[in-house]
Amino acid sequence: MAGREAVAILGGTGDQGLGLAYRFAEAKRTLRIGSRKQQRALAAAEEIRARVEGADVEGLENASAVRAVAGQIVILSVPFEHTVSTLASIRDALEPGTLLVSMGVPLATAIGDVASRSVGVSQGSVAELCRDLVPAGVEVVSAFQNVSAHRLLARGEPVECDVVVSGKKSARERVYPLCEDIPGVRAINGGQLYNARYVEQWTAFLIGVNVRYRVREGTGFRITHI
């Protein structure tokens, strides 16, 4: 696809989704913020426009946000427990050629346990679960799980972490430019989608590290010697 692809972030009103939204808006990427409640999306978009000069951002209900970037990129940034219901609500809006980026992590908070633990997913990962739920012609990629929301929201500061991108080669290559939009972030070729199951588990581990070392701003991974 010629040019820079537009992005819809579903769950773009949460800390991590909003942090990504700010970074993409600052990179002058066309952006649509989705939420189950349109009013929340409108408020988030208004906040970004007030702080990022020239930001091309709108707030919409989830399905409308997906339709607004038809055939381009949709980022799913919702808690694990809302993954299935969110995908069900947007399924009819997902057109062939659309790329769905899964940020999901099966944290044990979904069952009332602590965030430094995870629960099993029968498909192997949240990303693979998404792949089984989207219509034919929609590719799924895993990325951005391990990026600290606090670091993303610290505008003007580099994030300083690697992002592992897993999925089919052609789909991965559509996500790499998104990583380049965020200062301090480097995309790492994570191979096929089944590798998402390992990357998702790192998030729970990092949360535990943040607690033990009292790093409120969040830690990240760097893969050395590449």
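The values are calculated or read from the model by the stated rules, or taken from the named source; none is laboratory data. No experiment lies behind these values; they were computed from the predicted model shown. Positions of Cβ are generated from backbone atoms using ideal geometry, with glycine treated the same way; all protein chains shown enter the neighbour counts.
Residues are listed down the side, and each one gets a yes or a no for (1) at pLDDT below 95; (2) part of a helix (DSSP H, G or I); (3) among the charged types (D, E, K, R):
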residue: 141; (1), (2), (3): no, no, no
residue: 163; (1), (2), (3): no, no, no
residue: 175; (1), (2), (3): no, yes, no
residue: 183; (1), (2), (3): no, no, no
residue: 186; (1), (2), (3): no, no, yes
residue: 198; (1), (2), (3): no, yes, no
residue: 211; (1), (2), (3): no, yes, no
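So, in segment 190-213, exactly how many residues are under 20 Å from residue 140 (Cα atoms) and not hydroxyl-bearing (Ser, Thr, Tyr)?
Here the count works out to 11.
Inspect segment 116-136 for any residue being hydroxyl-bearing (Ser, Thr, Tyr), more than 17 Å from the chain's Cα centre (by Cα) and in a loop (DSSP other than H, G, I, E, B) and give the result as yes or no. Within segment 116-136 (the criterion being hydroxyl-bearing (Ser, Thr, Tyr), more than 17 Å from the chain's Cα centre (by Cα) and in a loop (DSSP other than H, G, I, E, B)), the answer is yes, since at least one residue qualifies. Which residue, of 29, 40, 51, is closer than 23 Å to residue 174 by Cα and of a type in the set (Lys, Arg)? Going through 29, 40, 51 in turn, just one is closer than 23 Å to residue 174 by Cα and of a type in the set (Lys, Arg): 29.
Only residues that are crowded, with 18+ Cβ neighbours inside 10 Å and either small (Gly, Ala, Ser) or in a helix (DSSP H, G or I) (or both) were counted in segment 2-13, giving 4.
When segment 152-198 is filtered for residues that are β-branched (Val, Ile, Thr), in contact with an Asp or Glu (Cβ under 8 Å, 6 or more places away or on another chain) and within 19 Å of residue 17 (Cβ to Cβ), only 185 remains.
Would you mind stating whether residue 181 is within 23 Å of residue 52 (Cβ to Cβ), surrounded by 14 or more Cβ atoms within 10 Å (Cβ to Cβ), touching a residue at least 40 places away in the same chain (Cβ under 8 Å) and not polar (S, T, N, Q)?
Criteria met by residue 181.
Could you tell me whether any residue of segment 120-136 is of a type outside the set (A, V, I, L, M), free of Cβ contacts under 8 Å to residues at least 24 places away in the same chain and under 27 Å from residue 30 (Cβ atoms)? No, segment 120-136 contains no residue that is of a type outside the set (A, V, I, L, M), free of Cβ contacts under 8 Å to residues at least 24 places away in the same chain and under 27 Å from residue 30 (Cβ atoms). Residue 145 meets all of the listed conditions (1) polar (S, T, N, Q); (2) more than 15 Å from the chain's Cα centre (by Cα); (3) outside any helix (DSSP H, G or I) but one, namely (2).
The set of residues from segment 16-37 being of a type in the set (S, T, N, Q) and over 20 Å from residue 104 (Cα atoms) comprises just one member, 30.
Each residue in segment 50-96 was checked for being under 14 Å from residue 8 (Cα atoms) and either part of a helix (DSSP H, G or I) or touching a residue at least 60 places away in the same chain (Cβ under 8 Å) (or both), and 20 of them qualify. Residues in segment 130-142: is at least one of a type in the set (A, V, I, L, M) and buried (at least 22 other Cβ atoms within 10 Å of the Cβ)? Looking through segment 130-142, at least one residue is of a type in the set (A, V, I, L, M) and buried (at least 22 other Cβ atoms within 10 Å of the Cβ).
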